[in-house]
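The values are calculated or read from the model by the stated rules, or taken from the named source; none is laboratory data. Small disclaimer: the values here were computed from a predicted structure and weren't measured. In this analysis, Cβ positions are derived from the backbone assuming ideal geometry, glycine residues included, and neighbour counts consider all displayed protein chains.
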Amino acid sequence: MHRLRTTVARLRPLTAAQTAQSLSQPRPLAVEGGLRTFQPARRLNTSVAAEPFLNGTSSNYVEEMYYAWLENPRNVHKSWDIFFRNANAGAPPGAAYQSPPPFAGTSQGLASVQALVGAQPNVEKLVEDHLAVQSLIRAYQVRGHHIAKLDPLDISCVDFDDAPCTVGFQNVGFYGLAESDLDKVFRLPTTTFIGGNESSLPLREIIRRLEMAYCQHIGVEFMFINDVEQCQWIRQKFETPGIMQFSLEEKRTLLARMIRSTRFEEFLQRKWSSEKRFGLEGCESLIPALKTIIDKSSQSGVESVIMGMPHRGRLNVLANVIRKELEQIFCQFDSKLEAADEGSGDVKYHLGMYHKRMNRVSDRLITLSLMANPSHLEAVDPVVQGKAKAEQFYCGDTEGKRVMSILLHGDAAFAGQGIVYETFHLSDLPSYTTHGTIHVVVNNQIGFTTDPRMARSSPYPTDVARVVNAPIFHVNADDPEAVMYVCNVAAEWRNTFHKDVVVDLVCYRRNGHNEMDEPMFTQPLMYKQIKKQKGVLQKFAEKVIAEGVITMQEYEEEVARYDKICEEAYARSKDEKILHIKHWLDSPWPGFFTLEGQPKSMNCPSTGISEEELGHIGNIAASVPVEDFTIHGGLSRILKGRGNMVNQRVCDWALGEYMAFGSLLKEGIHVRLSGQDVERGTFSHRHHVLHDQNVDKRICIPMNYISPDQAPYTVCNSSLSEYGVLGFELGFAMASPNALVLWEAQFGDFHNTAQCIIDQFISSGQAKWVRQNGIVLLLPHGMEGMGPEHSSARPERFLQMCNDDPDVFPKLSEDFAVRQLYDCNWIVVNCSTPANYFHVLRRQILQPFRKPLIVFTPKSLLRHPEAKSSFDDMLPGTHFKRIIPDDGAAASGPEKVKRIIFCTGKIYYELTRERKNRGMDEAVAVAHSPSDLCKMTSETDRYLNADLVWCQEEHKNQGYYDYIKPRIRTTISRTRPVWYAGRDPAAAPATGNKQTHLMELQRLLDTAFDLEAFSGKV
């Protein structure tokens, strides 16, 4: 009974609900990932004692009694309970049965019962053998992939820590079975489908069928999934005998796709043998794999597929999956081609594409979008997810039935890049789920020059997917039929369960990392094997010709036909004289631009709104528009304070943001705010989501009660991720220009863990891919004496990446202000007033183009009594103020002013307070938020006798000084010096000592107001 004991020991305690079930309900058969699987049971007379049935009883009856006992010992007669308990405890055959305690004076002779049991010692062996067979079946389901023939090179480096193999004919002894048992017939549990319509099979046939299901060219990892229905679904797809069958037409289609995939790479190699192209040689089956997924998904109703992938095979995917015109691909290899569009462009294997075409299998239109992306591996993953989510949102696809995403990965990057894990953990979050992504891993079994044994600590590169219970289908990429079947199953899984799934194409890389690389330097044995490897097309063609699917002549004609298509496209590509990057746009916005891709105008209307609208939105912000909703007492005071501000016609920072969002929503603009604590706000200032204090999960979002026909407002706390979430929001913003999409960092310096998205996509995305984007980054910033972390959002980094020329004064025109914004790569602001913040958010939508907006938001100013704006600054006719001049005593007598201080952000309030304390209102002018060189000129010209000083709270080598100084100098034709008042250069953004912080602040204020500080200096 060793196997019985082992099996029972692994069972978890039954719940009370399970204990209460009767035998007429489904009963437990085996353990699935910690949960029991069930099958219907015929009703047994479980009150019958064991003694009469032990002599000559059927094995099926004993087995069913055992299952009933496993479910609940009370389901069986006491004698059966004792029998199974003793057997489980290791009692030898013939000694397991004991008579139950006598009832009402009756007694049974223990010796007679033992004699009966002793006469039938095979009963326990029968139960044990059946349990052993079930354990064997389960072992194949769990570990069959360990011995599957997955590697085309047969040199797999997958390491299972030298664990002993427990599957195969030679290992039946591990389960207490003997070779003589191979021809015995065993009843099959309902946790397997290998029997088809048969309920019993000989052990030899059981093993053979399990080998065919789990140990050939497909390896399945799924037993870690904790959902019984999903496990059974997968078993049925792989265990059912004869399920992997294809029609002649399907095989011919598969061969045609293999021909296109292979001959495309061979054509590029012939024409451009010395060019990098990151070809697909060694994994040509990727093309039919993707086309199979798309075909199956289209048949299920999917209308749009958003894809992201690394550089390997991108040109092939563009040509044979997206169906980009071949001449447009081939002309990319012409180095003499002139660029017709602005920007730097990008190399051909980074470009994306958008194409709407008919799917021939489903006879339905389908839109395919391959996202452009940089060489930073896996960085595009969350971007793809964000765009897919946005498309689902805008078409009302709440279950992911119409829009889906496909992500391609390299094996080394899938295991090594943390963004993969971050993206997986967005997969089931309510505001981020795309209802299932199909991940396809091109498993080269090498990362550039790094052996897998040095590149990951897990056996497979795909093990990260296990954290979200995604099934993983490993498949030998040199078996196109197995690849096709697995991809069909993956598409069905996604359509059925709307969960992520991974297809691991185990292949090889015939060339080096690129076509110019020599792999023999570092992997000599692998590449000796690869050189001997017959191509997958040749192997598959030989197979289908031998099967009579196609003749050799037909095969050669199909090859010649595609070669001719490539040659004709190559001839047409020579007619291309100009490179149009716009042909490679992956996210077009129909109707937003002119046909030439330009803004329809260069005018931006006033961003102010009416007094009535300000009051209405303000009152909503101060209310709880849901009946019988109990809010926190402290929040009641906050809402009351908002109401008082509305009555006084002023707003603070939170209310100014509320006004901007609410007015855009009323105008039909969707607003989405995402980040780690955005619902409440890191600094407890926003409170856009109200929580009922008495009812769990009951919330109220007042912003969605502004107008009956308003656009929806989405505000969602994110996972504790910056890289993944910012990439997601960037992708969301790509889908439509008519949405305000914002990501707020918990603290401004947290953006540095998302620096890849900022550098590769946001700052340079338009230049590389002609792709505008209106994403808004809210980065809390300010020196508050709280230490070096969370003080600085590093404005110097964003300003350094601005593409405007500090030595060029812009050409003045009526649309100068708008055109200056259009010509830059992004907009960077540090607003000093709530009104300016209100205007810059509304301008983001009302201007005739889209640029990323970086906002350094305040911390202490959120509650600063002077950091309030009047409604007058937000009424119709008002705009964002690119410079706010001094309007006090200094402005009344500019000839008396000895110093004008330019600044931005929080320091303005400290400067004005210090000026007042020193009684220097007439001697020193303070202008803040300077971003308009023309307006700055008017200020410098007004105060001709004044020193020009730039003051900032950041250290001299940080902040704005290095950016602003040459631009001020340009406005005054370098006729006057620009002095600096601020902290000295430092390595860290701020001191960790509060007293030192205050001393530094006082020192910079002393410098700013010391009128003799710069005398005699050059």
Practice task
Please work out which residue is surrounded by the most Cβ atoms within 10 Å (Cβ to Cβ), limiting yourself to the stretch 812-830 and to residues that are over 32 Å from the mean Cα position of the chain (by Cα), hydrophobic (A, V, I, L, M, F, W, C) and under 27 Å from residue 961 (Cβ atoms).
Solution key: 817
Completion exercise
If we take the stretch 362-447, then strands (runs of 3 or more DSSP E) inside it with 2 or more residues that are among the aliphatic types (A, V, I, L, M), under 20 Å from residue 733 (Cβ atoms) and in contact with a helix residue (DSSP H, G or I) (Cβ under 7 Å, 6 or more places away or on another chain) are 403-410
Practice task
Would you point out which residue out of 506, 489 is buried (at least 22 other Cβ atoms within 10 Å of the Cβ), more than 23 Å from the chain's Cα centre (by Cα) and not hydroxyl-bearing (Ser, Thr, Tyr)?
Solution key: 506
Completion exercise
Residues in the stretch 771-796 that are part of a loop (DSSP other than H, G, I, E, B), crowded, with 22+ Cβ neighbours inside 10 Å and either over 27 Å from the mean Cα position of the chain (by Cα) or among the hydrophobic types (A, V, I, L, M, F, W, C) (or both) total 7
Handout entry: One residue from 927, 835 being over 25 Å from residue 977 (Cα atoms), of a type in the set (A, V, I, L, M), crowded, with 19+ Cβ neighbours inside 10 Å and touching an Asp or Glu at 6+ places or on another chain (Cβ under 6 Å)
Key = 835
Completion exercise
Of those in the stretch 405-455 that are closer than 22 Å to residue 476 by Cα and of a type in the set (D, E, K, R), the residue surrounded by the fewest Cβ atoms within 10 Å (Cβ to Cβ) is 453
Handout entry: Residue, farthest from the chain's Cα centre (by Cα), within the stretch 225-265, restricted to residues that are part of a loop (DSSP other than H, G, I, E, B) and under 24 Å from residue 460 (Cβ atoms)
Key = 244
Handout entry: Matching residues in the stretch 616-638 - criterion: being free of Cβ contacts under 8 Å to residues at least 40 places away in the same chain and of a type outside the set (Lys, Arg)
Key = 619, 622, 627, 628, 633, 634, 636
Practice task
Being without any contact (Cβ under 8 Å) to a residue 12 or more places away in the chain, assigned to a helix (DSSP H, G or I) and closer than 23 Å to residue 797 by Cβ narrows it down to one of 766, 755, so name that one.
Solution key: 755
Exercise for the section: Confirm whether residue 799 is surrounded by fewer than 24 Cβ atoms within 10 Å (Cβ to Cβ), part of a helix (DSSP H, G or I) and hydrophobic (A, V, I, L, M, F, W, C). Expected result: yes
Exercise for the section: Look at residue 675 and say whether it is buried (at least 21 other Cβ atoms within 10 Å of the Cβ), at pLDDT below 95, under 26 Å from residue 836 (Cβ atoms) and assigned by TED's automatic domain parsing to the domain that holds residue 641. Expected result: no
Handout entry: Filter result for residue 271 (of a type in the set (D, E, K, R), more than 30 Å from the chain's Cα centre (by Cα), more than 17 Å from residue 483 (Cβ to Cβ) and assigned by TED's automatic domain parsing to the domain that holds residue 496)
Key = yes
Problem - Count of the stretch 891-926 residues which are more than 28 Å from residue 807 (Cα to Cα), assigned to a helix (DSSP H, G or I) and either within 50 Å of the chain's Cα centre (by Cα) or of a type outside the set (D, E, K, R) (or both) - result: 9
Completion exercise
Taking the stretch 606-651 and keeping residues within 30 Å of residue 846 (Cβ to Cβ) and of a type in the set (Gly, Ala, Ser) leaves 606, 608, 610, 615, 618, 621, 622, 623, 641, 643
Completion exercise
In the stretch 839-865, anything outside any strand (DSSP E or B) and over 26 Å from residue 771 (Cα atoms) is listed as 858, 859, 860, 861, 862, 863, 864, 865
Practice task
Considering only the stretch 979-1003, state which residues are buried (at least 20 other Cβ atoms within 10 Å of the Cβ), touching a helix residue (DSSP H, G or I) at 6+ places or on another chain (Cβ under 9 Å) and either of a type in the set (A, V, I, L, M, F, W, C) or under 15 Å from residue 910 (Cα atoms) (or both).
Solution key: 981, 982, 983, 990
Exercise for the section: Just give me the residues in the stretch 551-567 being of a type in the set (Asp, Glu) and touching a Phe, Trp or Tyr at 6+ places or on another chain (Cβ under 9 Å), in sequence order. Expected result: 563, 567
Handout entry: Enumeration of residues in the stretch 231-257 that are farther than 13 Å from residue 209 by Cα and touching a Gly at 6+ places or on another chain (Cβ under 9 Å)
Key = 231, 248
Exercise for the section: Check 347, 302 and return the single one that is of a type in the set (Val, Ile, Thr) and modelled with pLDDT of 80 or more. Expected result: 302
Exercise for the section: Looking only at the stretch 839-861, count how many residues are buried (at least 20 other Cβ atoms within 10 Å of the Cβ) and more than 13 Å from residue 776 (Cα to Cα). Expected result: 5
Handout entry: Identity of the residue in the stretch 927-948, hydrophobic (A, V, I, L, M, F, W, C) and under 46 Å from the mean Cα position of the chain (by Cα), that ends up nearest to residue 749 (Cα to Cα)
Key = 927
Exercise for the section: With a cut-off of at least 1 residues that are surrounded by fewer than 12 Cβ atoms within 10 Å (Cβ to Cβ) and touching a helix residue (DSSP H, G or I) at 6+ places or on another chain (Cβ under 7 Å), name the helices (runs of 4 or more DSSP H) lying wholly within the stretch 520-574. Expected result: 552-573
Exercise for the section: Considering each of 664, 639, 635, 673 in turn, give the residue that is part of a helix (DSSP H, G or I) and under 29 Å from the mean Cα position of the chain (by Cα). Expected result: 664
Exercise for the section: Can you tell me which residue among 736, 707 is surrounded by fewer than 24 Cβ atoms within 10 Å (Cβ to Cβ), closer than 30 Å to residue 381 by Cβ and in the same structural domain as residue 863 (by TED's automatic domain parsing)? Expected result: 736
